[in-house]
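J.: Have a look at this one.
The values are calculated or read from the model by the stated rules, or taken from the named source; none is laboratory data. All of these numbers come straight from a predicted model, not from anything done at the bench. Note that we place each Cβ from the backbone using ideal geometry, even for glycine, and neighbour counts take in every protein chain shown.
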Amino acid sequence: MLVQRDEQITRLREAFRMCEKQQRGHVSLVTGAVGSGKTSVLEAFGEWAADAGGRVLSAAGSRAERGLHLGVLGQLFHSARLAPEAAAQVETLMREAPSVVPLLEASLETTDESSAANRAWAPVLHGLFNALLDLAGSGPLVLTIDDVHHADPATLHCLLYVTRRLRHAPIVVVLTEARMLRPPHPHFRAELFSQPHFTRINLPPLTVEAIAQLVDGGAEAAARETAERCLSVTGGNPLLTRALIDEQLREESDEDPAPDTAFDQAVLGCLYRHEPGVRRVAQALAVLTRPASTELLGHLLDMVPESVAPTVRVLRTSGLMNCDQLRHPRIRRSILADMSPEERRAMHQRTAEVLHEHGADPRTVAEHLVAAGWADAAWTVPVLQDAAAHALASGRPDEAAACLRLVSRADVDDQQRTTTTAMLVNARWQVNPLTVNGHLTQLVRTARNAGWPTDTALSTVPYLLWQGRAEEAGEAIAGCAGDDDQAHSTDSGRLRAMRLLLSLSHPDHLPAVREAVAAGGRMPVLPAVGYLQLHALTVLGSALTPAAEQDAVASAEQLLHRHHTDDGVLPALTAPLLALLWSGRSDRVAVWSAALLERPVVRHNPVWRAVIRALRAEAALRLGDLSGAEHHARAALEDLPVAAWGVAVAGPLATLIACATESGRHGEADQWLAQPVPPGAFRTPLGVHYLAARGRHHLAMGRAHAATADLRRCGELMRTWGIDVAGLVPWRLELARVQLSVGNKAHATQLLQEQLRVPHGVDDRTRGRTLRLLATTAAPDHRRKLLSEAVNLLQNCGDRLELVRALGDTGQTLQRAGDWAQARLLVRRAYHLAQDCGAPVLAQRLVRREPGGLPAYPPAETPEPEDGLSEAERRVAALAAQGHTNRQISSKLFITVSTVEQHLTRVYRKLDVKRRTDLPARLVAYAEPLVEEVQGAAS
């Protein structure tokens with residue numbers, strides 16, 4: 001289907017009608033970029049002219065047949081299907097032409113008909129022209145020649161002869177010509193343009209409206225949106241546009257398109273139909289990947305800028321280029337795929353040299369050095385090292401590793417090689433810790449042999465600790481010659497930070513933590529990175545060793561708020577996240593981890609992405625979101641396989657074990673327990689997480705002795721370390737659960753009371769859980785009060801799973817007191833909340849008690865209304881009918897505001913109402929404010 005070409009075809013039709021009426025010929029030259037639809041216009045006009053009574057002869061020029069004398073003219077006569085006698089006459093004339101061809105070029109450069117060339121050509125031209133006139137006897141003769149710029153000189157000479165005689169001949173000549181760097185036959189074009197019966201017709205790029213017609217008839221708004229996206233890719237070039245539409249705009253997909261698509265072929269078709277110089281400039285632009293001036297392109301291709309400018313204009317006209325760069329990444333990929341590996345490497349090397357000479361940014365130059373795999377010049381190593389340092393600082397360890405691998409193959413001295421190895425370990429570790437073992441061992445050996453130089457020694461510490469090699473890390477720190485008294489020394493700040501990291505990750509070194517925390521009030525002014533790392537670790541230390549004058553939560557929030565949008569600081573930000581988690585603020589961990597995972601830089605840091613996901617999983621677990629916790633923990637192990645986690649693997653495994661245990665999937669928990677955990681993990685805080693999770697699983701399986709052993713070991717480690725904080729593991733509480741399971745209420749009560757007395761170490765969640773368990777050992781009157789306080793605390797801290805247990809216990813207490821109606825309401829609430837948490841086993845346990853407990857759910861004294869509402873929708877609608885806001889409903893039902901809005905939208909539709917004031921009054925009876933019920937029952 002031809003679109004946006006009506007005007008051009010109309011002008012050709014008018015020329016035909018004028019020829020038909022006045023018996024006067026006309027010549028038209030249709031010009032446009034390669035792929036602009038010239039052939040389609042020519043064919044459409046030819047078909048119309050044939051239907052209108054004209055006789056159409058067609059031919060097409062070709063670069064391959066440019067040396068075939070009278071080749072295009074021969075195509076015209078062949079398409080005429082001449083009678084045998086006329087065909088023989090034309091064949092004779094064309095056989096005579098070669099003998100005078102050597103004189104042809106001179107004849108094109110002069111209009112002097114008395115010249116030797118023209119005298120030699122005269123009989124041939126006269127005979128061929130008469131043959132054409134004979135064909136125009138019954139109606140106008142139409143000669144259409146596509147790509148006339150590729151026609152042979154002999155044919156062009158004949159065409160000029162014909163056009164000079166069109167004033168009294170009923171012949172319409174329509175030629176098409178692509179825009180080229182330079183016209184191949186300037187004398188032909190000059191004389192053609194001077195003819196009085198000549199018209200030049202230009203084919204412009206397609207507009208949005210025209211492309212919309214191609215997409216879907218242009219009727220739908222979606223068609224225009226698609227057309228706008230298509231225009232941004234193709235620049236309105238019809239060839240590219242049709243190819244892109246045919247493959248359904250694959251450039252919108254995140255996946256790379258399949259090789260050798262229709263669009264790829266269209267791009268290459270545009271290039272190969274131009275001169276080789278156009279293709280060379282396009283290849284240079286594809287390798288550069290950024291805007292380039294004509295001066296830069298000229299330098300890159302060893303061309304003068306004046307010769308580059310026409311090439312750039314041709315690429316812009318064809319739609320491949322926009323401003324000073326290729327229009328779209330799809331075009332770049334198509335061009336690069338057409339280049340051989342050797343061509344790409346050579347172009348990248350030349351680009352790196354030229355950009356370096358032009359003073360380009362080191363990362364830009366390094367990108368091409370890496371692509372070329374070339375670092376032989378003396379200037380390349382400093383550029384690559386500088387680029388690697390910038391990449392690490394901006395959170396791109398993948399880029400840094402690529403640069404440093406190239407440096408490691410270059411001829412450098414020992415000091416440069418050591419520095420490179422240290423940076424390479426840093427970069428590759430952030431992508432996959434398993435790849436650095438050999439380099440790390442080499443780096444430790446080099447540092448030890450050199451007497452532990454500060455920079456090299458300290459660079460090994462985080463990775464040694466990750467692998468559980470705490471003694472080697474301690475040796476590296478002890479071997480450094482840093483002086484803590486040098487307050488403004490960068491090495492001093494790094495040394496203090498690494499001592500703190502060693503102590504926090506392996507708390508048997510905890511004296512260094514207390515020293516750092518004590519010095520927190522007089523923090524020296526250090527360079528930005530060193531200060532942030534030291535500050536972050538100090539905040540984490542204050543969470544593990546809380547004191548009345550320190551507010552770890554406020555400090556952690558301040559750090560995250562200030563730096564969460566900075567690139568390259570993810571390693572430091574995990575410390576304040578841990579501080580929030582171990583201070584009992586899982587809700588804030590969930591918020592901040594979600595924000596960090598949205599940062600683009602996280603995509604390039606698999607290790608830190610996995611660590612943040614693991615923290616988000618543990619926070620979700622503590623908030624009672626079992627499905628969310630499992631999802632994020634599994635994602636963490638997908639980002640980083642178990643073998644790559646080192647001693648830190650205890651963290652996500654502990655979360656998954658706890659999720660499976662709480663969900664009643666004990667076989668799955670056993671599978672997670674079967675995963676190998678390095679022995680060194682149990683020297684770390686994450687190790688006690690793992691022990692606690694394993695202890696709970698043992699308890700769920702009825703193995704009280706094994707559970708007791710794990711939980712006592714937790715307590716021994718935490719007391720030995722001096723970090724007996726409930727936010728890490730409330731081991732007394734967990735051990736009390738075991739004692740209650742075996743009927744030892746006295747010991748359980750003692751443990752729970754001790755848990756409440758831990759100084760500065762009990763958060764609201766732990767206190768609420770402790771009070772709930774303590775209520776099971778108290779007298780009935782005191783039990784109600786303890787449960788009421790527990791419900792308030794657990795609701796405020798957001799732990800929905802523990803809140804379910806507290807509500808269930810309260811309901812059971814009320815049932816025993818004879819208040820069946822109130823008890824049933826509370827159990828109903830707890831049941832739905834347990835289902836929302838992803839704990840169906842707990843939900844069933846609530847409503848299927850032991851003999852003498854509550855009856856099975858759902859008992860109902862009156863039938864439920866037939867309104868089509870689901871249970872969740874009815875709960876939301878009931879509270880809305882009472883006048884509660886969406887946020888208040890969210891708080892009472894422990895769901896998000898967005899979920900409330902979605903439920904209300906469906907409620908309005910099902911009940912056919914428009915606002916909450918129109919909700920039926922009967923719903924009000926279904927809404928009992930949750931906290932008020934519990935408080936009333938306890939009073």
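J.: So is H126 in contact (Cβ under 8 Å) with a residue 12 or more places away in the chain and not in a loop (DSSP other than H, G, I, E, B) or not? Before the answer, list the steps.
T.: Values: in contact (Cβ under 8 Å) with a residue 12 or more places away in the chain: no; not in a loop (DSSP other than H, G, I, E, B): yes.
No.
J.: Criterion first (more than 16 Å from D799 (Cα to Cα), hydrophobic (A, V, I, L, M, F, W, C) and out of contact with any Asp or Glu (no Cβ under 6 Å at 6 or more places or on another chain)) does A620 satisfy it? Don't jump to the end; show me each part of the working.
T.: On the way: more than 16 Å from D799 (Cα to Cα): no; hydrophobic (A, V, I, L, M, F, W, C): yes; out of contact with any Asp or Glu (no Cβ under 6 Å at 6 or more places or on another chain): yes.
Judged against the criteria, A620 is not a match.
J.: From (1) assigned to a helix (DSSP H, G or I); (2) over 53 Å from the mean Cα position of the chain (by Cα); (3) not acidic (D, E), pick out the condition that doesn't hold for I9.
T.: Status for I9: all satisfied but (2).
J.: From the list A648, A709, pick out the single residue that is out of contact with any His (no Cβ under 9 Å at 6 or more places or on another chain) and either under 24 Å from R428 (Cα atoms) or at pLDDT 95 or above (or both). I'd like the intermediate steps shown before the answer.
T.: Values: A709 fails: out of contact with any His (no Cβ under 9 Å at 6 or more places or on another chain).
Among A648, A709, only A648 is out of contact with any His (no Cβ under 9 Å at 6 or more places or on another chain) and either under 24 Å from R428 (Cα atoms) or at pLDDT 95 or above (or both).
J.: Kindly evaluate A190 against the criterion of being part of a helix (DSSP H, G or I) and either touching a strand residue (DSSP E or B) at 6+ places or on another chain (Cβ under 8 Å) or buried (at least 17 other Cβ atoms within 10 Å of the Cβ) (or both).
T.: Numbers: part of a helix (DSSP H, G or I): yes; either touching a strand residue (DSSP E or B) at 6+ places or on another chain (Cβ under 8 Å) or buried (at least 17 other Cβ atoms within 10 Å of the Cβ) (or both): no.
Criteria not met by A190.
J.: Is it the case that some residue within the stretch 576-588 is surrounded by fewer than 24 Cβ atoms within 10 Å (Cβ to Cβ) and without any contact (Cβ under 8 Å) to a residue 60 or more places away in the chain?
T.: Within the stretch 576-588, one or more residues are surrounded by fewer than 24 Cβ atoms within 10 Å (Cβ to Cβ) and without any contact (Cβ under 8 Å) to a residue 60 or more places away in the chain.
J.: Evaluate the stretch 672-695: report whether one residue or more is in contact (Cβ under 8 Å) with a residue 12 or more places away in the chain, over 38 Å from the mean Cα position of the chain (by Cα) and more than 17 Å from A648 (Cα to Cα).
T.: yes
J.: Evaluate the stretch 636-657: report whether one residue or more is touching a Lys or Arg at 6+ places or on another chain (Cβ under 6 Å) and either farther than 16 Å from H689 by Cα or not in a helix (DSSP H, G or I) (or both).
T.: Quick first cut of the stretch 636-657, residues touching a Lys or Arg at 6+ places or on another chain (Cβ under 6 Å) only: 636, 639.
The next check asks that each one be either farther than 16 Å from H689 by Cα or not in a helix (DSSP H, G or I) (or both); those that pass are 636, 639.
Yes, the conditions are met somewhere in the stretch 636-657.
J.: What tally of residues in the stretch 288-302 results from selecting those that are modelled with pLDDT under 90 and not basic (K, R)? Outline the logic, then answer.
T.: Of the residues in the stretch 288-302, the ones modelled with pLDDT under 90 are 289-290.
With the extra rule that they be not basic (K, R), the set shrinks to 289.
Of the residues in that region, 1 qualify.
J.: Moving to a separate point now. V436 versus (1) surrounded by 22 or more Cβ atoms within 10 Å (Cβ to Cβ); (2) more than 27 Å from P685 (Cα to Cα): which is the lone unmet condition?
T.: (2)
J.: Within the set of pairs 6 or more residues apart or between chains, which connect a residue that is free of Cβ contacts under 8 Å to residues at least 60 places away in the same chain and assigned to a helix (DSSP H, G or I) inside the stretch 610-627 to a residue that is among the β-branched types (V, I, T) and buried (at least 24 other Cβ atoms within 10 Å of the Cβ) with Cβ atoms less than 8 Å apart?
T.: A614/T655; L615/V589; R616/V589; A617/T655; A619/V589; L621/T655
J.: Run Q385 past the list (1) among the polar types (S, T, N, Q); (2) within 27 Å of A648 (Cβ to Cβ); (3) surrounded by 17 or more Cβ atoms within 10 Å (Cβ to Cβ) and report the number of the one that doesn't hold.
T.: That leaves (2) as the condition not met.
J.: Turning to a different aspect of this structure: Which condition number in (1) within 22 Å of A372 (Cβ to Cβ); (2) without any contact (Cβ under 8 Å) to a residue 24 or more places away in the chain; (3) of a type in the set (D, E, K, R) is the one that R332 fails?
T.: (2)
J.: Which condition breaks for P652 when tested against (1) surrounded by fewer than 20 Cβ atoms within 10 Å (Cβ to Cβ); (2) closer than 26 Å to N437 by Cβ?
T.: (1)
J.: Within the bounds of the stretch 15-25, is there any residue that is farther than 24 Å from L132 by Cβ, in contact with a helix residue (DSSP H, G or I) (Cβ under 8 Å, 6 or more places away or on another chain) and among the small types (G, A, S)?
T.: Let us first name the residues in the stretch 15-25 that are farther than 24 Å from L132 by Cβ, namely none.
The answer is no, given that none of the residues of the stretch 15-25 is farther than 24 Å from L132 by Cβ, in contact with a helix residue (DSSP H, G or I) (Cβ under 8 Å, 6 or more places away or on another chain) and among the small types (G, A, S).
J.: From the list A337, A360, A375, A352, which one is modelled with pLDDT under 95, among the aliphatic types (A, V, I, L, M) and buried (at least 20 other Cβ atoms within 10 Å of the Cβ)? Please lay out each step first, then the result.
T.: On the way: A337 fails: buried (at least 20 other Cβ atoms within 10 Å of the Cβ); A360 fails: buried (at least 20 other Cβ atoms within 10 Å of the Cβ); A352 fails: modelled with pLDDT under 95.
When all the criteria are applied, what remains is A375.
J.: State yes or no: is L728 modelled with pLDDT of 95 or more, among the hydrophobic types (A, V, I, L, M, F, W, C) and within 21 Å of S505 (Cβ to Cβ)? Please lay out each step first, then the result.
T.: Values: modelled with pLDDT of 95 or more: no; among the hydrophobic types (A, V, I, L, M, F, W, C): yes; within 21 Å of S505 (Cβ to Cβ): yes.
Answer is no for this residue.
J.: Please give the number of the condition R327 fails out of (1) at pLDDT 95 or above; (2) basic (K, R); (3) within 20 Å of C270 (Cα to Cα).
T.: (1)
J.: Please find, within the stretch 873-920, the residue that is surrounded by the most Cβ atoms within 10 Å (Cβ to Cβ) out of those that are within 18 Å of A834 (Cα to Cα) and among the hydrophobic types (A, V, I, L, M, F, W, C).
T.: V876
J.: If you go through the stretch 891-920, how many residues are touching a helix residue (DSSP H, G or I) at 6+ places or on another chain (Cβ under 7 Å), of a type in the set (A, V, I, L, M) and either more than 23 Å from Q795 (Cβ to Cβ) or modelled with pLDDT under 65 (or both)?
T.: 2
J.: Which residue, of V148, V174, is β-branched (V, I, T), surrounded by 19 or more Cβ atoms within 10 Å (Cβ to Cβ), in contact (Cβ under 8 Å) with a residue 12 or more places away in the chain and out of contact with any helix residue (DSSP H, G or I) (no Cβ under 7 Å at 6 or more places or on another chain)? So that I can check it myself, show each step before the final result.
T.: Numbers: V174 fails: out of contact with any helix residue (DSSP H, G or I) (no Cβ under 7 Å at 6 or more places or on another chain).
Among V148, V174, only V148 is β-branched (V, I, T), surrounded by 19 or more Cβ atoms within 10 Å (Cβ to Cβ), in contact (Cβ under 8 Å) with a residue 12 or more places away in the chain and out of contact with any helix residue (DSSP H, G or I) (no Cβ under 7 Å at 6 or more places or on another chain).
J.: Only one of (1) of a type in the set (D, E); (2) part of a helix (DSSP H, G or I); (3) without any contact (Cβ under 8 Å) to a residue 60 or more places away in the chain is not met by D398, so which one is it?
T.: (3)
J.: Select from the stretch 726-756 the residues that are within 49 Å of the chain's Cα centre (by Cα) and part of a helix (DSSP H, G or I) and list them in ascending order.
T.: Kept after step one, since they are within 49 Å of the chain's Cα centre (by Cα), are these residues of the stretch 726-756: 726-738, 752, 755-756.
Matches in the stretch 726-756: W731, R732, L733, E734, L735, A736, R737, V738, L752, Q755, L756.
J.: Could you grab the pairs with beta carbons closer than 7 Å, sequence gap of 6+ or different chains, first residue in the stretch 22-48 and closer than 16 Å to R11 by Cβ, second one in a helix (DSSP H, G or I) and among the small types (G, A, S)?
T.: H26/A15; S28/A15
J.: Right, next: May I ask you to list the residues in the stretch 573-605 that are within 14 Å of H563 (Cβ to Cβ) and in contact with a Gly (Cβ under 7 Å, 6 or more places away or on another chain)?
T.: Residue satisfying the conditions is V601 alone.
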